[in-house]
1. The conditions are (1) without any contact (Cβ under 8 Å) to a residue 12 or more places away in the chain; (2) surrounded by 19 or more Cβ atoms within 10 Å (Cβ to Cβ), and LEU9 fails exactly one of them. Which is it?
2. If I ask for residues that are part of a helix (DSSP H, G or I) and either charged (D, E, K, R) or open to solvent by 30 Å² or more (accessible area, probe 1.4 Å) (or both), which ones from the stretch 70-84 would you list?
3. From the residues in the stretch 85-116 that are at pLDDT 95 or above and of a type in the set (S, T, N, Q), which one is least open to solvent (accessible area, probe 1.4 Å)?
4. May I ask you to list the residues in the stretch 72-94 that are in contact with a Leu (Cβ under 7 Å, 6 or more places away or on another chain) and closer than 12 Å to LEU18 by Cα?
5. Cβ-Cβ below 8 Å, separation at least six or inter-chain, first residue in the stretch 88-100 and free of Cβ contacts under 8 Å to residues at least 60 places away in the same chain and assigned to a helix (DSSP H, G or I), second surrounded by 12 or more Cβ atoms within 10 Å (Cβ to Cβ) and of a type outside the set (D, E, K, R): which pairs?
6. Is it the case that some residue within the stretch 56-71 is at pLDDT 95 or above, out of contact with any Pro (no Cβ under 8 Å at 6 or more places or on another chain) and closer than 19 Å to TYR22 by Cα?
7. Just one of ALA52, ALA67, ALA36, ALA62 is over 22 Å from ILE78 (Cβ atoms), open to solvent by less than 50 Å² (accessible area, probe 1.4 Å), of a type outside the set (S, T, N, Q) and assigned to a helix (DSSP H, G or I); which is it?
Amino acid sequence: MNDIDIPILKKTYDLYKLFHEYRRAVSKSDRFSVYARSENLIMDVIELLLEAGYSKSGSKSALLEKASVKLNTLRFFIRLMKETHTLDLKKFVALQTHVDEIGRMLGGWICSNGQR
């Protein structure tokens, strides 16, 4: 199985690529604070999704819930970057669209796993 064939993982992978592309447009002072923290959150979500994909159903629920918390934190930080003008509105909307879709996919995975 190719990991990138998992739809939620592909979407999160694409989010990271887009986020990385926007890095050049972010000021140095912001790049090493909230932007770097947000980038780390995306990588954390990728790791948790990979781990959940390979884990047994008992530990899968906890991993998915942890990924959900990280994704919600990322959503908060992206909004913060828009409000502090670290990101312009167009970039904010593009990132938020990805995050919202990942959130819906993650919610579906959590529900199909017997949670919520």
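The values are calculated or read from the model by the stated rules, or taken from the named source; none is laboratory data. A quick note: this is a predicted structure, and the numbers were derived from the prediction, not measured. Please note: Cβ atoms are built from the backbone with ideal geometry, for glycine as well, and neighbour counts cover all protein chains shown. Surface accessibility is based on the protein's heavy atoms, side chains included, excluding ligands, DNA and RNA. Shrake-Rupley method; radii C 1.70, N 1.55, O 1.52, S 1.80 Å.
1. (1)
2. Residues satisfying the conditions are LYS70, ASN72, THR73, ARG75, PHE76, PHE77, ARG79, LEU80, LYS82, GLU83.
3. Applying the filter and picking the extreme gives GLN96.
4. Residue satisfying the conditions is ALA94 alone.
5. Once the first residue is free of Cβ contacts under 8 Å to residues at least 60 places away in the same chain and assigned to a helix (DSSP H, G or I) and sits in the stretch 88-100, its partners that are surrounded by 12 or more Cβ atoms within 10 Å (Cβ to Cβ) and of a type outside the set (D, E, K, R) give PHE92/ILE78; PHE92/MET81; GLN96/ILE78.
6. Taking every residue of the stretch 56-71 in turn, at least one turns out to be at pLDDT 95 or above, out of contact with any Pro (no Cβ under 8 Å at 6 or more places or on another chain) and closer than 19 Å to TYR22 by Cα.
7. ALA52
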